[in-house]
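Please read the structure below before turning to the comments.
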Amino acid sequence: MNKAIIAKEFTEIVRDGRAIVLFGIVGLLLLLGLVTGFSTESTRSQTVFDAKVADAEVFNAQGAKNPHSAAHFSRMAHKPVAPFSAFDPGVSAYVGQVVWLEGHYRNPAMFRAAEDATELGRLENFSLAGVLILIIPLLVILLGYGSIAKEREQGTLRQIISSGTSLRSLLLGKFITVFSISFAFLVFSIVLAAVTSLFVFEASSQPLTDLFLRSVSLLFVYGLYTAFVTATTLFISAIVQEAKNSLLILLGLWTVMVVSLPRLSASIAEKVYPSPQSSEFWEAMDVRLSENRLDSSSAEYVAAERVVIERAFGKKLTESEIENLAINTRGVRLEVSEVIDSEIYTAAYAELFKNYANQKNFRRLLSIFSPTIALQHLSQAFSGTDVNAHEHFSNEAERQRNKIVRVLNEELIINDSGENLRYLAPPEFWETVPEFEYEYPALEIAWRQSGADFFIVLAWALFSTVGMFWLGKGRLEV
Amino acid sequence: MNAFDFMRYEWKLQFSSRAVFLVFLVFVSTLIYGGFAGKAERDARNAAIENHYRSVSTTMDSWLEDLRTLEQDDGSIDLPSLTGSAMDVIFASSLPQEPLSDFSIGQSDLLPFFGEISLKNPNIRLFSKYEFADPIGLALGNFDISKAVLLFLPLILIIFSFDVTSADRDSKRLGLILLQGINLRNFFWRRILFRALIVIGVTCASAFAVMIYNAAGVTSDGRFAIFVVWMTFVVFYGAFWSVLIAVIASFNRSGEFNVLTLLGFWVGLTLIVPATSSSLAESLYPTPSRLTYLAEAREVENETRLSEPDVVNEFMLDHPELLVDLESQFPDYVSSAFLVTSTVDEATGPIISSFEEALGRREELLDVFKYFSPTIAVHSLFNEVTGTSGRRHNSYIMQARAFKANYAQLVGPNVMGKKPISAEFFENVPDFGFKEEPLGMRLGRGLKPIVFLLLIGLGLTMITNRQLMKISPVSS
């Protein structure tokens, strides 16, 4: 019986010219989203590649220079384009693209791509994910709002039931039809995005399996979301007497759950857990840094000094050996302060990212009213464009900064004996400074960090599907 | 049925549906929340600006005190070696908040609105280390009352008015109504007008309440006048959508048809046209990448350092009057830093120019799209009247750069000559002040599309009237 219902539903949809026009519009929007995403991300990928090469060339061409001056000039850590950013750019345009790995300071990532975009672009996210999140529910609503209500209006519902078809079979048949059409659009979008990503990542080492698993994960969660929308649409269509009312209620729900709540949740989360103003952040940082400064005669400072010297010479040294070493004390002081300050920077940035996490948790709380919020979190996480991915990059960049500054300070410690002349490292020295090789966190980490969001979407999908079939158990007025 | 009876009937008709009432309530709550969210953002910006001026003032007071001590010093007081250096001078700068800035957050959450101006930083780092706002909030666009109006006012109007005649048509009552000799045009337009008035009226009343409430603690100069301008655009926007609804409804099709068509218009005009036009503008006129700008700046910085003696010679040739103080306590790196930043700024000037040129071309292209979508036209005007447009922020950044360049020119000889500036000289250097483009000019740019859309609205009204004349008791 189900097969007959599905076949009948498909035939009706194919024969309905409006549905075909609708599919055409949705397909066109998805293609536009894809082209926009591909064009933006491939340009960005190329720019990052060129900038990295240029930065290495400039750094290596410094000539003879004092290592501490070089630590101020330092290197840049460029953030590569995320694995699936052509599908869902997430927050990548709203966080910086490059970190200046300067001595003494842990800088935030700078140059947010969105600052160069038009202000109109902020009205709506026109990426493939943005279009899917906005338009797929609308497509499902338009396909399904009259599924049961119209049958009832036309009196055919009673006929179908009296012919021996159970309500449950009818709902299942309609569910499968609407769901599979929407799912086909999802498959089309995600497969195209994956192929596109292969082109964007031609020059990178993104493994193919990672891309495949990300595609499957995205398909899975978007599929769950589509199941929720389909079940809810059929549920409303089944309990409302007129198709027009069903459409109005569903559009009202779409406006609230898809258009309004995700925006409002972000705004409310920012009010509940406000992000710091830059001036506040740096003032607080200055205070913490100065409070943490150690007296050079303190035991803690002396111990840190010892660690720095032993690390520079790559071996354990006795007290007398240290005393007899011809080392640059300024270099030691610089490295000790780097080590001490680094703790403060790490703590301050951890607090900043903790605040972002609190904002995310708050939005997650509001996703009990709209699974769209949780889906957005999942989509960004699996695309590698969420705040967690940025935090990973920021921490890796800091690790690189510590590495570079240490190499430069040790060059100063070992080679500058502290005579009157300012030590200049030879021109070939700069090439020995390690390169920043960044790899995005594995998908597994994204899954681990998004467990709660996944269960929210799953719960919504299960709850709505169970609700729909519960109606089918004879609780429906025919 | 007199006007009062009509209004009572309509009121009952609209709010008898709990779903419609609920949606309306959600809309009003969204407007009020948007107002509060805008106020919170504005207050945070004002506090940040105040804090910034206080901090710069403290630093400069101390710097000036040292300089005065140096000027009176007989050599007995131990002062920092850089006392009086023009390189250590920092200026506070900010983009003043317009009286109605709480009504639209615009680009103010994304672009810099305050920052120190110092010769130590080349233009590329003039506004740096400020990117701490919640990225998700930025990506979804911070919520304010203007956004609530742009996105949701049309939807509420659609929900209230799509069935202006279709409800009667679908229930086969329309023919009976017409048989009673009712003038359909009057009946139709009275209904549209009444329903639009309820929605637009409540929107304006909510906005007025927000305007009064949010006025606490800020200067109210011009706030009311700007609010009236803002409200005029709201009325225009609401009226345009009402006319669009009327024209669709006048085709006398089913309620479902009306809702679906209007929804299509809403998705097209408020989401798709703005998003595609923005993507198109960015693709056709890409701004130079900031990463390229940075790479160029670093390359010039490196080259300048490597050829510093030549650059110094060039500067000396340009300033034959310059005498270097050989006794100066100022370390060499001060003048070296000055040379590097000046050279980097000069060398990267063309990149900034092409950036501005690309922005200008984008604006021109987007101006064309304002004729296609009332959302684009009104969105831009909202940001212009509230002073939160990207254009105003970019103007602030350009003015800050120009201020720095002027100051560099003023004190360059002192820095290169390793001489301090005098306290008197410092006090005569004017502070940074943002030169505002008059509101009239800002509005002028966006008014042509509004006039065009008004004419379109007029045309749609005429089409509606013609369509209404085709409806007869038999056809309905």
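Coordinate-derived values only; no laboratory data. If you're wondering where the values come from, they're calculated on a predicted model, not measured in any experiment. Because the Cβ atoms are built from the backbone with ideal geometry, glycine has one as well, and the counts that use them run over all protein chains shown.
Legend: translational diffusion of region B:1-113 by Stokes-Einstein, Rh = Kirkwood radius over C-alpha pairs, 10 °C, 1.306 mPa s; D = 81 µm²/s. Cross-link list A:Lys65/B:Lys419; A:Lys354/A:Lys403; A:Lys8/A:Lys174; A:Lys271/B:Lys147; A:Lys8/A:Lys473; A:Lys244/B:Lys172: which exceed 20 angstrom alpha carbon to alpha carbon? The pairs that break the limit, which is 20 Å between Cα atoms, are A:Lys65/B:Lys419; A:Lys354/A:Lys403; A:Lys8/A:Lys473. In this structure the amide hydrogen of B:Phe114, modeled in the peptide plane, comes within under 5 Å of the amide hydrogens of B:Leu95, none closer than 5 places in sequence on its chain.
Within the shell of other residues whose beta carbon sits under 13 angstrom from the beta carbon of B:Ile351, the net charge comes to -4, with Lys and Arg scored +1 and Asp and Glu -1. In the protein assembly as shown, the DSSP-assigned H stretches of four residues or longer account for a calculated mean residue ellipticity at 222 nm of -23500 deg cm²/dmol, using -39500 (n - 2.57) per stretch and the full residue count as denominator.
Per-residue Karplus couplings for region B:196-204, computed as 6.51 cos²θ - 1.76 cosθ + 1.60 with θ equal to phi - 60°, are listed in order as 5, 4, 4, 5, 5, x, 5, 4, 5 Hz, Gly and Pro entered as x. Considered as an equivalent ellipsoid built on the Cα gyration tensor, region A:373-478 has semi-axes of 59, 10, 8 Å, the largest given first.
Label separation (B:Glu427 vs B:Val202): 6.1 nm, computed from points 7 Å beyond Cα along the C-beta direction.
Going by C-beta contacts inside 10 Å, put A:Trp430, A:Trp470 in order with the fewest on the left.
A:Trp470, A:Trp430
Where the centre of each part is set by its Cα atoms, how far does region B:121-150 sit from region B:352-373, in angstrom? Region B:121-150 and region B:352-373 have Cα centres spaced 20 Å from each other. Treating each Cα of region B:17-470 as an identical point scatterer and ignoring solvent, apply the Debye formula and state log10 I(q)/I(0) at q = 0.06, 0.12 Å⁻¹. Each listed q corresponds, in turn, to -0.39, -1.05.
What are the DSSP H helices in chain A that stretch 15 Å or more along their long axis, judged by alpha-carbon atoms, and whose average Kyte-Doolittle hydropathy comes to at least 0.5? Helices passing the filter in chain A: A:17-60, A:128-144, A:167-200, A:208-239, A:243-254, A:451-472.
Per-residue Cβ neighbour counts within 10 Å put A:Leu253, A:Leu132 in the sequence A:Leu253, A:Leu132, beginning with the fewest. For region B:148-226, the normalised intensity computed at q = 0.24 Å⁻¹ comes to -1.10 (log10 of I(q)/I(0), Debye sum over alpha carbons, equal scatterers, no solvent). Using a cut-off of 31 Å between Cα atoms, the listed pairs A:Lys150/B:Lys470; A:Lys52/A:Lys315; A:Lys360/B:Lys39; A:Lys79/B:Lys448 include A:Lys52/A:Lys315; A:Lys79/B:Lys448 as exceeding that distance.
Using bins of 10 Å that start at zero, the share of Cα-Cα pairs per bin across the protein assembly as shown amounts to 2, 10, 18, 22, 18, 13, 8, 5, 3, 1, 0, 0, in whole %.
Taking R0 as 56 Å, what's the FRET efficiency between A:Ala7 and B:Ala216 from their Cβ-Cβ distance, rounded to 0.05?
0.30
For region A:131-184, the share of alpha carbon pairs falling in successive 10 Å distance bins from zero is 23, 47, 23, 7, 0 percent. Ranking of B:Tyr213, A:Tyr423, A:Tyr222 by neighbouring Cβ atoms within 10 Å, starting from the fewest: B:Tyr213, A:Tyr423, A:Tyr222. Taking amide H as placed 1.01 Å from N in the peptide plane, A:Gly96 has its amide H under 5 Å from the amide H of A:Ala109, each at least 5 places away in sequence or on another chain. Counting only the Cα atoms, chain A fills a convex hull of 168 Å³ per residue. Rounded to the nearest 10 degrees, the inclination of helix B:223-249 to the longest alpha-carbon principal axis of chain B is 40 degrees.
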